[in-house]
Amino acid sequence: MNRKKKMNNILKKKVKKSNAKLHTSNKPKYVSKAERARLAAEEENLQASE
């Protein structure tokens, strides 16, 4: 019984991982506060130079 259970668990894990890869999130990638500030400063410099 233990061998069957172990094999089933291994196979279930494999299926679960493959399904997780298929369903990607639509959430936007996280951008840190410092990175947002840096991007805003760069954009400000671009607009000022025009």
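Values quoted throughout were computed directly from the atomic coordinates according to the rules given, and no laboratory measurement underlies them. What you see is a predicted model, and the numbers here were worked out from it, not measured in a lab.
A compact table of results
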read-out	value
Lys pairs, the chain - Cα-Cα below 25 angstrom, 8 or more residues apart or on other chains	23
Principal-axis tilt of helix 33-49 within the chain, Cα atoms, nearest 10 degrees	30 degrees
Degrees separating the helix 2-22 axis from the principal Cα axis of the chain, which is the longest one	30 degrees
Orientation-averaged projected area, Cα convex hull of the chain (nm²)	6.1 nm²
